[in-house]
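Asks: First the structure, then my questions, so here it is.
The values are calculated or read from the model by the stated rules, or taken from the named source; none is laboratory data. Model, not experiment: these values are computed from the prediction. Cβ atoms come from the backbone with ideal geometry, glycine included; neighbour counts cover every protein chain shown.
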Amino acid sequence: MTPQSSFMVLAPIAPPREVELRRLLASMNDAPGRLNANNALLPFGEFDTLHMARFVILDDKTVDDVHIYGLSKPTYPLYLAFVGDLDGDADKFLEELARREPRGLRAIFSCCEGFTPDTHLAGWMKAHRRPAITSYVNWPGRTVRQVREEAALRDALEGYVQRNASALTGLSPREIHATLQRFANTEKSTGRLKLSAESSTPLGWWARNLVHLIGVPLLLLLASPLLIVIPVVFLIRLRRLEKTDPELCPRVAPSYSEELAILEDHDVTNQFTAMGSFKPGIVRRWTAIFALWIVDYGARHVFTHGRLARVRTIHFARWVMLDNKRRLVFLSNYDGSLESYMDDFINKVGFGLNLAFSNGVGYPRTNWLVLDGCKDERKFKEFLRRHQLPTQVWYKAYPGLTAVDLERNARIRRGLESSSMSDQELRDWVALL
Amino acid sequence: MRSSEVDYNDIQGLVRFGHKQMPDASYALLRVRSVAAAQAWLRSAPVSSAVLMNPPPSTALQVAFTAAGLRTLGVATSVLAAFSPEFIAGMTEENRSRRLGDVGSNAPSQWEWGSPASEPHLVVMFFAASGRLDGFVQSSTGGIWNEAFEVVRWLDTVSLDEHEPFGFNDGISQPQIDWQQQRVAAGVQVDYSNIVALGEFLLGYRNEYAKYTDRPLVDADTTTAALLAAEDAPEKKDLGRNGTYLVMRDLRQDVRSFWQFVYRQTGADPAEAEKLAAAFVGRTRAGDPLVPIQKQAIPGIGSRPDQIRQNQFTFDQDPAGTSCPFGAHVRRANPRNADYPGRPTGLALLFATFGLGRNAFRDDLESSVRFHRILRRGREYGPALSPTDALAPAPPNDPGRGLRFICLNANISRQFEFLQNAWIMNTKFSGLTGEADPLLGNRAAIPGCTTTRDFTIQEDTELRRKVSGLPQFVTVRGGAYFFLPSLRALRYFARTGNA
């Protein structure tokens, strides 16, 4: 398989250049929320290993929230983040990007601190990468090429079935399967369809993944004597904090909601960027790190087949810590509208939501870190919307397709290529068409 | 927090009754001409409460306001701002239109009423027993009515004997409101239930999350003395309590196009046509579900034989959609699921919590329905047209037919809008693609999708059947979000000296 990787190039914006940067980013869109994939600055569509990408100005409006702890407003730089999810190695991708599209990227990054006309573009981007503490990929190994080939396959089968509906009526699933196999083979031999074989897994990635799979539990085991003593102290403190940490979930200004909403629901998938500060103190910070670490482990080794626990609508997601682990930015790509995304989370994986976000300033009160919290639905929705940021530029390589679509298409392909399905499996396969 | 008893005297009757025994109804969409006169009319209006009367009354009157209406009546900006954002922004806000499918011929710019240029301030709804409506309207709209209001539009209705214009028995499935507040809503629900927390349909009570939906709480003073205290903040007065949001959508149904399409698809075989139409709806025209009823009782559906026959079912027994298509209207509008698929208990519940142990393609795709129920109070308009009569070409001046859709809910975004967006209009509902609701779909193109005009009928051991090229059968002709206040809140709005 070809593993996916992601990058976040992060750099402070030079204050006098912010206006120009916003203008440049807006110029990449046909309209707010609607990217021109062939725009002159960075024609994303020409990079066929890129799944999703975005430029977002991390203009965190909630920096002052720490005032509820009596702290004064900290100053952070205003960052530009350039984020992408892709097949293969991220550094190599950034090099290719710099080689093929230096003009637009230079124009954009010239709005950042320290970027000069003689800056080495690829080197600068790589040096400004920020690692994610947690990342999620809907289906590790599924490449853009595979997505597109399988979508084309489904469309071709669909067309064939429509054209030959009467001939196919009454056929058994096995006969339908054989007929469609023949059709697909003809299409493949004439070059109208292409179904590339899976590439071999890079040895290094495979080894690293295995070490991570075993290493993390091993480390926890080795540290267990410590983990028995620390948690008791830790938990007592955490419970106290849970009962006293103030909430901050006021109604979001309608104008801000609108600024966000205008960017949404132009495709079946939406982008989401949110940012906030951690609650002060070492207990909250380390709880957050530990929680996000657990989520990362789950995402990497357990939830690798289209389901993040029960949620089937997320393509890619990641959490990145900034500013000495004092702030967190969360970025995701999800199917459906924000309301259903939030409902899905609250009702299906509320515990995970609480685990991942409850160490943020103002989060609705949790109980034992996983209970309550987001179950105060209205508060949680205001909290989330309040922390959300407008994403200036957003690209998705396969408009019109949801994560569930991708899974269906992959199942259709897998079944088509199989010659040893049971009757029940054949019935299930035919039902996918 | 103790939940207090429900005061039916304070609730508008529409919430509890729907006024089925009054077949005649007409709705006046109004703009306020004179605030003082409007308030005077509202003070004297015989607005019906939810108290059960014996004998039942022969007329009923209900009143609801848009945000613009409340603003005009002088409700303070700070009070108005505490209503729900959807209500304040209104149904026609551009980003909302995209979510609701109000684009193309459904776009507010095409509407007969409700677009910003013709937004009503309030709706006055008149209900009456047969033959009594005209007299009732006349007696209620005398005096200062003309000084008070400018009529945007009168919406007439007809009673088609509990059938909607396409000819299907309608309004069969309604949630049962938990008036007694017996439900412990916050816990996990593994079985489908038709009993829904009171707070889903009335503000000021606990909802399915066992929380209070946001609504305006105001300071106690002489002007608010008559309002009830907020259960969750007793020092405040609850302007929302016993009120709710009323969503109105004026839907034109092209009955001829519907039956002509169905007959064309089925080679004009009446029996097959009935079957296809029933597959679109998910019920027969008589209202029977396409899936067999189950033995296990479902709380809140009632115990009469017809109620059991029509509502004692879920789709658990039809996981492949072969009895009732996944895309059928009733399956989209109410998937009849619970918090987890497959009723897990014990260890299985723990597994299910993490989404483990299930990997069938269509598993667990729909959100738990108890958070997305609505109370439907719509009525039809236009003369009845039987399927066979509908096959004839439309005569000149063919009268319009359709539904004055009305639903009540405490949280517009989580209830009506979610249902409309994630279930009805969603071309990706339940693992499908290329099809929205067969009745209500706007058939708008989606970039990257070859079609949105399909309807799929899943088959048991054969290839599914696909109906293609569905026209748009239903067009939105108007709509607005209203607040249906309690009678106390109504008196508060109607008192002089607001402004």
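Asks: Quick check on my filter: what residues within region A:413-428 are part of a helix (DSSP H, G or I) and more than 10 Å from chain B (Cβ to nearest Cβ)?
Replies: A:ARG413, A:ARG414, A:GLY415, A:LEU416, A:GLU417, A:GLN424, A:GLU425
Asks: Of a type outside the set (Gly, Ala, Ser), in contact with a Gly (Cβ under 9 Å, 6 or more places away or on another chain) and buried (at least 19 other Cβ atoms within 10 Å of the Cβ): is that true of B:ASP250 in this structure?
Replies: Considered against the rule, which asks whether it is of a type outside the set (Gly, Ala, Ser), in contact with a Gly (Cβ under 9 Å, 6 or more places away or on another chain) and buried (at least 19 other Cβ atoms within 10 Å of the Cβ), B:ASP250 comes out as yes.
Asks: Continuing with this model, one more query. Pick from region B:464-499 the residues that are buried (at least 21 other Cβ atoms within 10 Å of the Cβ) and assigned to a loop (DSSP other than H, G, I, E, B): which of them is nearest to the chain's Cα centre (by Cα)?
Replies: Only one residue tops the list, namely B:PRO485.
Asks: From the list A:GLU175, A:GLU113, A:GLU96, A:GLU158, which one is farther than 29 Å from A:SER200 by Cα, of a type in the set (Asp, Glu) and assigned by TED's automatic domain parsing to the domain that holds A:VAL56?
Replies: Just one listed residue meets the conditions, A:GLU113.
Asks: Name the one entry in A:ASN409, A:ASN333, A:ASN354 that is buried (at least 21 other Cβ atoms within 10 Å of the Cβ) and outside the structural domain of A:THR273 (by TED's automatic domain parsing). Even if it seems obvious, please write down each step before you answer.
Replies: Details: A:ASN333 fails: outside the structural domain of A:THR273 (by TED's automatic domain parsing); A:ASN354 fails: outside the structural domain of A:THR273 (by TED's automatic domain parsing).
Just one listed residue meets the conditions, A:ASN409.
Asks: Within the group B:THR456, B:THR433, which residue is more than 30 Å from B:GLU119 (Cβ to Cβ), crowded, with 20+ Cβ neighbours inside 10 Å and facing another protein chain (nearest Cβ under 9 Å)?
Replies: B:THR433
Asks: If you take the residues of region A:1-60 that are among the small types (Gly, Ala, Ser) and surrounded by fewer than 20 Cβ atoms within 10 Å (Cβ to Cβ), which of them is farthest from the chain's Cα centre (by Cα)? Lay out the reasoning, then the answer.
Replies: First, the residues of region A:1-60 that are among the small types (Gly, Ala, Ser): A:5-6, A:11, A:14, A:26-27, A:31, A:33, A:37, A:40, A:45, A:53.
Checking which are surrounded by fewer than 20 Cβ atoms within 10 Å (Cβ to Cβ) leaves us with A:5, A:14, A:26-27, A:31, A:37, A:40, A:45.
On the way: A:SER5: 11, A:ALA14: 27, A:ALA26: 22, A:SER27: 24, A:ALA31: 23, A:ALA37: 19, A:ALA40: 25, A:GLY45: 19 Å.
For region A:1-60, the residue satisfying everything is A:ALA14.
Asks: Suppose we filter B:PHE258, B:PHE315, B:PHE280, B:PHE326 for residues that are without any contact (Cβ under 8 Å) to a residue 40 or more places away in the chain, assigned by TED's automatic domain parsing to the domain that holds B:PRO395 and buried (at least 21 other Cβ atoms within 10 Å of the Cβ); which single one remains?
Replies: B:PHE315
Asks: Quick one: how many residues across region B:95-146 are of a type in the set (Val, Ile, Thr) and within 14 Å of another protein chain (Cβ to nearest Cβ)?
Replies: Counting residues in region B:95-146 that are of a type in the set (Val, Ile, Thr) and within 14 Å of another protein chain (Cβ to nearest Cβ) gives 1.
Asks: Take A:LEU105 and tell me if it is touching a residue at least 40 places away in the same chain (Cβ under 8 Å), over 20 Å from A:VAL329 (Cβ atoms), among the hydrophobic types (A, V, I, L, M, F, W, C) and assigned by TED's automatic domain parsing to the domain that holds A:LEU78.
Replies: Here the answer is yes, as A:LEU105 does meet what is asked.
Asks: So, one more: What residue, of A:ARG182, A:ARG103, A:ARG154, A:ARG208, is surrounded by 14 or more Cβ atoms within 10 Å (Cβ to Cβ) and in a helix (DSSP H, G or I)?
Replies: A:ARG154
Asks: Next up: Those residues that are more than 28 Å from the chain's Cα centre (by Cα) and of a type outside the set (D, E, K, R), I need them from region B:207-245; list them, please.
Replies: B:VAL218, B:ALA220, B:THR222, B:THR223, B:THR224, B:ALA225, B:ALA226, B:ALA229, B:ALA233, B:PRO234
Asks: Can you find, within region A:233-267, the residue that is surrounded by the fewest Cβ atoms within 10 Å (Cβ to Cβ) among those that are outside any helix (DSSP H, G or I), at the interface with chain B (Cβ under 10 Å from one of its Cβ atoms) and in contact with a strand residue (DSSP E or B) (Cβ under 8 Å, 6 or more places away or on another chain)?
Replies: A:HIS266
Asks: Taking B:GLU150 and the conditions (1) in a loop (DSSP other than H, G, I, E, B); (2) farther than 16 Å from B:THR244 by Cβ, which numbered condition does it fall short on, given that it satisfies the others?
Replies: All conditions are met except number (1).
Asks: Here's another thing I want to ask about it. Considering only region A:369-404, state which residues are part of a loop (DSSP other than H, G, I, E, B) and either in contact (Cβ under 8 Å) with a residue 24 or more places away in the chain or facing chain B (nearest Cβ under 10 Å) (or both).
Replies: A:LEU369, A:ASP376, A:LEU389, A:PRO390, A:THR391, A:GLN392, A:ALA397, A:TYR398, A:PRO399, A:GLY400, A:LEU401, A:THR402
Asks: Let me ask something additional. If only one of A:ALA40, A:ALA31, A:ALA11 is hydrophobic (A, V, I, L, M, F, W, C) and closer than 19 Å to A:ILE262 by Cβ, which one is it?
Replies: Just a single option satisfies the conditions, and that option is A:ALA31.
Asks: If we keep just the residues of region A:293-311 that are in contact with a helix residue (DSSP H, G or I) (Cβ under 6 Å, 6 or more places away or on another chain) and within 26 Å of A:ASP87 (Cβ to Cβ), which is nearest to the other protein chains (Cβ to nearest Cβ)?
Replies: Across region A:293-311, the extreme among qualifying residues is A:ALA309.
Asks: Does at least one position in region B:50-63 carry a residue that is in contact with a strand residue (DSSP E or B) (Cβ under 6 Å, 6 or more places away or on another chain) and closer than 18 Å to B:THR496 by Cα?
Replies: Yes - at least one qualifying residue is present in region B:50-63.
Asks: Within region B:180-225, restricting attention to residues that are of a type in the set (Lys, Arg) and in contact with a helix residue (DSSP H, G or I) (Cβ under 9 Å, 6 or more places away or on another chain), which residue is nearest to the other protein chains (Cβ to nearest Cβ)?
Replies: Filtering region B:180-225 for residues that are of a type in the set (Lys, Arg) and in contact with a helix residue (DSSP H, G or I) (Cβ under 9 Å, 6 or more places away or on another chain), the one nearest to the other protein chains (Cβ to nearest Cβ) comes out as B:LYS211.
Asks: Could you list all residues from region A:197-217 that are in contact (Cβ under 8 Å) with a residue 60 or more places away in the chain and charged (D, E, K, R)?
Replies: Answer for region A:197-217, where residues must be in contact (Cβ under 8 Å) with a residue 60 or more places away in the chain and charged (D, E, K, R): just A:GLU198.
Asks: Here is a list: B:GLY18, B:GLY13. Which entry is at pLDDT below 95, buried (at least 19 other Cβ atoms within 10 Å of the Cβ), assigned by TED's automatic domain parsing to the domain that holds B:SER159 and under 24 Å from B:ALA197 (Cβ atoms)?
Replies: Of B:GLY18, B:GLY13, the one residue that is at pLDDT below 95, buried (at least 19 other Cβ atoms within 10 Å of the Cβ), assigned by TED's automatic domain parsing to the domain that holds B:SER159 and under 24 Å from B:ALA197 (Cβ atoms) is B:GLY18.
Asks: Right, another one. If you go through region B:214-247, how many residues are assigned to a strand (DSSP E or B), surrounded by fewer than 23 Cβ atoms within 10 Å (Cβ to Cβ) and without any contact (Cβ under 8 Å) to a residue 24 or more places away in the chain?
Replies: 5
Asks: Can you pull out every residue in region A:341-351 that is at the interface with chain B (Cβ under 7 Å from one of its Cβ atoms) and more than 17 Å from A:ARG386 (Cα to Cα)?
Replies: Answer for region A:341-351, where residues must be at the interface with chain B (Cβ under 7 Å from one of its Cβ atoms) and more than 17 Å from A:ARG386 (Cα to Cα): A:ASP344, A:ASN347.
Asks: Tell me yes or no: at least one residue of region A:180-196 is within 14 Å of chain B (Cβ to nearest Cβ) and modelled with pLDDT of 95 or more.
Replies: Within region A:180-196, one or more residues are within 14 Å of chain B (Cβ to nearest Cβ) and modelled with pLDDT of 95 or more.
Asks: Based on what the data block shows, is A:GLY141 free of Cβ contacts under 8 Å to residues at least 24 places away in the same chain and at positive phi? Before you say what the answer is, go through the steps one by one.
Replies: On the way: free of Cβ contacts under 8 Å to residues at least 24 places away in the same chain: no; at positive phi: yes.
For A:GLY141, the condition - free of Cβ contacts under 8 Å to residues at least 24 places away in the same chain and at positive phi - is not met.
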